[in-house]
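Novice: Please see the structure below; I have some questions.
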Amino acid sequence: MTALKKISNLVLPLPVTLATCRAEKENSSTDNIIPLSWVGIVEYRPHMVNITIGKEKYSANIIRKRKEFGLCIATVDMMKQVDMCGYTHGNKVDKFEMTKLTKFAADKIDVSLIKECPICLECVVKSSSVMSAHEVFFAEVINTHIDDRFIDGSGEPDIEKMNVLGYANDMYFSMGRKLQSLYYSKNN
């Protein structure tokens, strides 16, 4: 095994998510989108996630102030829109307008979610931790939306059909192929 010349946190692949936030209360014209792959599950009682954003980013400032955000899972079909959201700045460009992504109102928070995403979570920030360059927001998931197209015959999410967009080492990947069920090796 070769040690890389530069240290890298290659925990991969990571799902690409689109965090949505609203700069001004009840004003959907101030909605923003930021693509993130530094996300994770923190707890399930209550259901909690974390997102990591550069602490000087426009979206980080909004989320720090408003204490809520949407977390929408991107698909491979959305790769171009995701990429566009990554190189533009929400304080200068309306990313919903630029990408033609469709807004829908969250049920329990004052944020727009993205209709094209198969899964959207409504999140309320409970705490954060400031690092040298980033801020980690810990949030409770208070509502989960799944597009009916991605529910299988037993009422469960069909992850393979979603073809979730992944990210690793400055590249996009498809995470759309199911391999085995959890603990499959127990039955062999």
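Please treat every number below as a calculation from the coordinates, not as lab data. On a predicted model such as this, the values are computed, not experimentally measured, just so you know. Every residue, glycine as well, gets a Cβ built from its backbone with ideal geometry; the counts of neighbours run over all protein chains shown.
Novice: Each residue of the range 133-146 in turn: what ³J(HN,Hα) in whole Hz from Karplus with 6.51, -1.76, 1.60 and θ = phi - 60°, glycine and Pro shown as x?
Specialist: Once rounded to whole Hz, the list reads 10, 10, 10, 9, 9, 9, 9, 7, 7, 9, 6, 10, 10, 10.
Novice: Which whole-number percent is the relative contact order of the range 15-114 (Cα, under 8 Å, 6+ apart)? Before the final figure, lay out each step's value.
Specialist: On the way: 163 pairs, mean separation 34.1, N = 100.
The value is 34 percent.
Novice: Within the set Lys25/Lys80; Lys57/Lys108; Lys80/Lys161, which residue pairs have Cα atoms separated by over 27 Å? Walk me through the numbers on the way to the answer.
Specialist: Numbers: Lys25/Lys80 29 Å; Lys57/Lys108 25 Å; Lys80/Lys161 19 Å.
Beyond 27 Å between Cα atoms: Lys25/Lys80.
Novice: Further question: Kirkwood hydrodynamic radius for the chain: how many Å is it when counted over pairs of different Cα atoms? Before the final figure, lay out each step's value.
Specialist: Numbers: mean 1/r = 0.0574 Å⁻¹.
With all distinct Cα pairs of the chain included, I get 17.4 Å.
Novice: Show me, for the range 60-68, the HN-Hα J-couplings you get by feeding each phi into the Karplus relation (A = 6.51, B = -1.76, C = 1.60, θ = phi - 60°), rounded to Hz, glycine and proline as x.
Specialist: Karplus-based 3J(HN,Hα) across the range 60-68 equals 4, 5, 5, 5, 4, 7, 8, 6, 7 Hz.
Novice: Something else now. Going by the alpha-carbon gyration tensor, a ≥ b ≥ c the square roots of its eigenvalues, is the range 45-138 rounded (a/c under 1.5) or, if a/c is not under 1.5, prolate (a/b greater than b/c) versus oblate? Don't skip to the answer; put the middle values down first.
Specialist: Working: a/c = 1.72, a/b = 1.23, b/c = 1.40.
Taking the square roots of the gyration eigenvalues as a ≥ b ≥ c, the range 45-138 is oblate.
Novice: Test of understanding: what is the full-extension gain from Lys5 to Asn27, defined as 0.36 nm times their sequence separation minus their Cα-Cα distance? Provide the component values of the computation, followed by the final result.
Specialist: On the way: separation 22, 0.36 × 22 = 7.92 nm, distance 4.79 nm.
Difference between extended and current length: 3.1 nm.
Novice: May I ask you to sort Lys178, Lys126, Lys103 by Cβ crowding, counting other Cβ atoms within 10 Å and putting the fewest first?
Specialist: Values: Lys178 9, Lys126 13, Lys103 16.
Ascending Cβ contact count within 10 Å gives the list Lys178, Lys126, Lys103.
Novice: Would you list, by chain and number, the aspartates and glutamates whose Cα falls below 19 Å from the Cα of Lys126, excluding same-chain residues fewer than 8 positions away?
Specialist: Glu43, Glu68, Asp107, Asp110, Glu135, Glu140
Novice: Just want to confirm a number: the relative contact order over the chain, from Cα pairs under 8 angstrom separated by 6+ residues, in percent.
Specialist: Values: 375 pairs, mean separation 45.1, N = 188.
That works out to 24 percent.
Novice: So how strong a dipole does the chain carry about its Cα centre when Lys and Arg Cβ are +1 and Asp and Glu Cβ are -1, to the nearest 20 debye? Please report the intermediate quantities before stating the final value.
Specialist: Details: 24 positive and 23 negative charges, 120 e Å.
Rounded to the nearest 20 debye, it is 580 debye.
Novice: Which of the GluC sites (Glu not before Pro) across the range 40-139 are loop residues per DSSP, with 12 or fewer other Cβ within 10 Å? List each step's numbers first, then the result.
Specialist: Working: sites: Glu43, Glu56, Glu68, Glu97, Glu116, Glu122, Glu135; in loops: Glu56, Glu116.
Filter output for the range 40-139: Glu56.
Novice: Run the helix sum for the chain: -39,500 (n - 2.57) per DSSP H stretch of 4+ residues, divided by residue count, reported at 222 nm to the nearest 500 deg cm²/dmol. Can you show the working numbers first?
Specialist: On the way: 4 runs with 27 residues, N = 188.
Calculated at 222 nm, the ellipticity per residue is -3500 deg cm²/dmol.
Novice: Which FRET efficiency value, to the nearest 0.05, is calculated for Asn143 and Asp83 with the Förster distance at 22 angstrom and r the Cβ-Cβ distance?
Specialist: Details: r = 28 Å, r/R0 = 1.26.
Efficiency for this residue pair is about 0.20.
Novice: Can you list residues from other chains, or at least 5 along the same chain, whose modelled amide H is less than 5 Å from the amide H of Phe104?
Specialist: Answer set, sorted by chain and number: Leu113, Ile114, Lys115.
Novice: Report ³J(HN,Hα) in whole Hz for each residue of the range 76-92, in order, from the Karplus equation J = 6.51 cos²θ - 1.76 cosθ + 1.60 where θ = phi - 60°; Gly and Pro get x.
Specialist: With the stated coefficients, the range 76-92 comes to 4, 4, 9, 3, 5, 5, 4, 4, 4, 5, x, 9, 10, 10, x, 7, 10 Hz.
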